[in-house]
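Single-structure report; data block below.
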Amino acid sequence: MPKTDRIDAILRREISRILQFELKNPKLGFVTVTDVQCTGDLSIAKVYVSFLGKQERNDAGMKILNQSRGFIRSTIAKNVKMRKVPELQFFQDTSIEYGNRIEKKIREINEQDSAAAQNQPAADARQDAEA
């Protein structure tokens with residue numbers, strides 16, 4: 001496992017813990033850290049998060065996270081032995097939402113196919129009767 005992968009996993013676990021137990025902001029809501037990706041020189045960590053709820057709540061949560069970057073970074077520095085804690089950049093992870101949309105489309109296509117297959121035998125029977 002490469003060094004950056006280990007650091008990504010450590011940061012994801014630590015940021016999740018900080019958001020859950022140490023960041024006291026009721027407006028943040030339920031947030032999940034889905035991924036962390038550090039640059040090769042470990043100067044920047046991109047933190048991908050997803051929120052439970054509507055888009056307005058997501059926007060408010062992102063604002064809170066960006067305002068709390070310094071606190072989160074300093075807390076990581078206290079709890080994790082690292083020479084330099086990377087600068088945190090928060091991004092909203094929309095992959096779950098995107099996956100749900102794709103799954104819904106596939107389900108709709110399957111329902112249309114099964115409905116068409118159920119109507120097909122009746123049409124075949126009518127054609128046989130006319131012949």
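The values are calculated or read from the model by the stated rules, or taken from the named source; none is laboratory data. Everything numeric here is computed off the predicted structure, so don't read it as measured data. Glycine gets a Cβ as well: all are built from the backbone with ideal geometry, and neighbour counts include every protein chain shown. For the accessible areas, the whole protein counts, side chains as well, though only heavy atoms, and no ligand, DNA or RNA atoms are used. Shrake-Rupley method; radii C 1.70, N 1.55, O 1.52, S 1.80 Å.
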Members of region 1-28 that are under 18 Å from ARG69 (Cβ atoms) and open to solvent by less than 60 Å² (accessible area, probe 1.4 Å): ILE7, ASP8, LEU11, GLU14, ILE15, SER16, ILE18, LEU19, LEU23, ASN25, LEU28
Starting from region 32-59, take each residue that is hydroxyl-bearing (Ser, Thr, Tyr) and list its partners that are at pLDDT 90 or above and assigned to a loop (DSSP other than H, G, I, E, B), counting only C-beta distances under 8 angstrom and pairs at least six apart or across chains. THR39/PRO86; SER43/LYS84; SER43/PRO86
In this structure, is LYS63 basic (Lys, Arg) and part of a helix (DSSP H, G or I)? yes
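Identify the residue in region 75-86 that is out of contact with any helix residue (DSSP H, G or I) (no Cβ under 7 Å at 6 or more places or on another chain) and in contact (Cβ under 8 Å) with a residue 12 or more places away in the chain and, among all such residues, is least open to solvent (accessible area, probe 1.4 Å).
PRO86
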For region 1-58, which positions are out of contact with any helix residue (DSSP H, G or I) (no Cβ under 8 Å at 6 or more places or on another chain), modelled with pLDDT under 90 and of a type in the set (A, V, I, L, M)? MET1, LEU52
Condition first: part of a helix (DSSP H, G or I), open to solvent by less than 100 Å² (accessible area, probe 1.4 Å) and at pLDDT 90 or above. Can you find one or more residues in region 118-128 that meet it? no
Is at least one residue of region 98-116 open to solvent by less than 60 Å² (accessible area, probe 1.4 Å), part of a loop (DSSP other than H, G, I, E, B) and not charged (D, E, K, R)? no
Within region 29-52, can you find the residues that are open to solvent by less than 40 Å² (accessible area, probe 1.4 Å), hydrophobic (A, V, I, L, M, F, W, C) and in contact with a Leu (Cβ under 9 Å, 6 or more places away or on another chain)? VAL31, VAL33, VAL36, CYS38, ALA45, VAL47, VAL49, PHE51
How many residues does region 56-74 hold that are of a type outside the set (A, V, I, L, M) and open to solvent by less than 80 Å² (accessible area, probe 1.4 Å)? 6
